[in-house]
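Here's the structure, in structure tokens; my notes come after.
The values are calculated or read from the model by the stated rules, or taken from the named source; none is laboratory data. As the structure is a computational prediction, the values presented were derived from the model and not from experiment. For neighbour counting, all protein chains shown are included, and Cβ atoms are generated from backbone atoms with ideal geometry for every residue, glycine included. Side chains included, ligands, DNA and RNA excluded: accessible areas come from the protein's heavy atoms. Shrake-Rupley method; radii C 1.70, N 1.55, O 1.52, S 1.80 Å.
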Amino acid sequence: MPWWENLMLKAKDSNPRVRLAFIWASENIATNTPDIYEDYMPLYVELLNDSDDKVRMEAPEMFRVMGKRRPQKVYPYLGQLQWLAENDPNPVVRIHCAGAIRITNKASV
């Protein structure tokens, strides 16, 4: 894991394409290794409010991946995801947030 901290720095990179690639990489890693993200979920919360629409559209997908595998790690963020699902001006952000909520709730049953 010597690369881990360097990877986490990409969440705050000035280039939105790097932040987007960070989310994609995180989703792929979390699919098989979700527990390593436990302390890093606040980074993805920040990305939900990113200045770049593409980053904002993809950020909820990390909550979907985590919600399917470790729903308890997403519970603290369900309120914010719900608010975005109902109020975000971008329809893709709304859809992806709603999907993350649905998957998390389904995995909890």
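Values computed for the structure shown
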{"quantity": "Computed over the chain: relative contact order in percent, which uses C-alpha pairs under 8 Å that are six or more apart", "calculated": "23"}
{"quantity": "Within the accessible area of the chain (1.4 Å probe), percent carbon and sulfur", "calculated": "54"}
{"quantity": "Formal net charge of residues neighbouring I95 (Cβ-Cβ distance under 15 Å; K, R +1; D, E -1)", "calculated": "0"}
{"quantity": "Local electrostatic count at K10 - Lys and Arg +1, Asp and Glu -1, tallied over other residues with Cβ under 14 Å", "calculated": "-4"}
{"quantity": "Around D35: net Lys/Arg minus Asp/Glu count, Cβ-Cβ under 12 Å", "calculated": "+1"}
{"quantity": "Within the chain, helix-based [θ] at 222 nm, where runs of 4 or more DSSP H residues each add -39,500 (n - 2.57), nearest 500", "calculated": "-21500 deg cm²/dmol"}
